[in-house]
1. Select from region 20-36 the residues that are in contact with a helix residue (DSSP H, G or I) (Cβ under 8 Å, 6 or more places away or on another chain) and within 9 Å of residue 54 (Cβ to Cβ) and list them in ascending order.
2. Quickly run through region 20-49 and pick out the residues that are open to solvent by 60 Å² or more (accessible area, probe 1.4 Å) and closer than 23 Å to residue 61 by Cβ.
3. Scan region 88-106 and report the pairs whose first residue is among the basic types (Lys, Arg) and whose second residue is assigned to a helix (DSSP H, G or I), with Cβ atoms within less than 7 Å and a gap of 6+ or a chain change.
Amino acid sequence: MSVDVELLKKMPGAFKPEEAGDTNCTVQFNVSQPVAIVIADGSCTANEGTADNADVTITMDDDDLVSLMKGELNGMTAFMTGKLQIEGDLMLAQRIFTFFDETKLG
């Protein structure tokens with residue numbers, strides 16, 4: 001497994017249900033090894049592979065994703081420079097990283 005998959009698999013442990021509120025969604029991360037993050041009923045799971053019905057799909061290079069998740073890369077800058085591609089619910093894409101404690105992802 002690559003570093004980005006390991007990082008994405010840490011997301012359930014960094015999940016802040018109070019930040020997500022009543023949000024139920026699937027976020028597909030298309031990186032070298034795709035991972036789908038499912039948030040439902042106040043919990044979070046990470047599943048390797050591709051989800052059939054993702055609410056938002058985030059496509060990035062592995063290194064850029066790691067930098068973004070660690071707070072080293074600004075999401076808006078990444079989007080504007082083409083390092084981050086988003087399909088689907090753009091509002092969810094803007095909020096998704098607030099649902100996680102980045103200090104637990106390092």
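1. Within region 20-36, 25, 27 meet the criteria.
2. Scanning region 20-49 gives 32, 33, 47, 48.
3. 104/13; 104/14
The values are calculated or read from the model by the stated rules, or taken from the named source; none is laboratory data. A quick note: this is a predicted structure, and the numbers were derived from the prediction, not measured. Here the Cβ is made from the backbone with ideal geometry for all residues, glycine too, and neighbour counts use every protein chain on show. Side chains included, ligands, DNA and RNA excluded: accessible areas come from the protein's heavy atoms. Shrake-Rupley method; radii C 1.70, N 1.55, O 1.52, S 1.80 Å.
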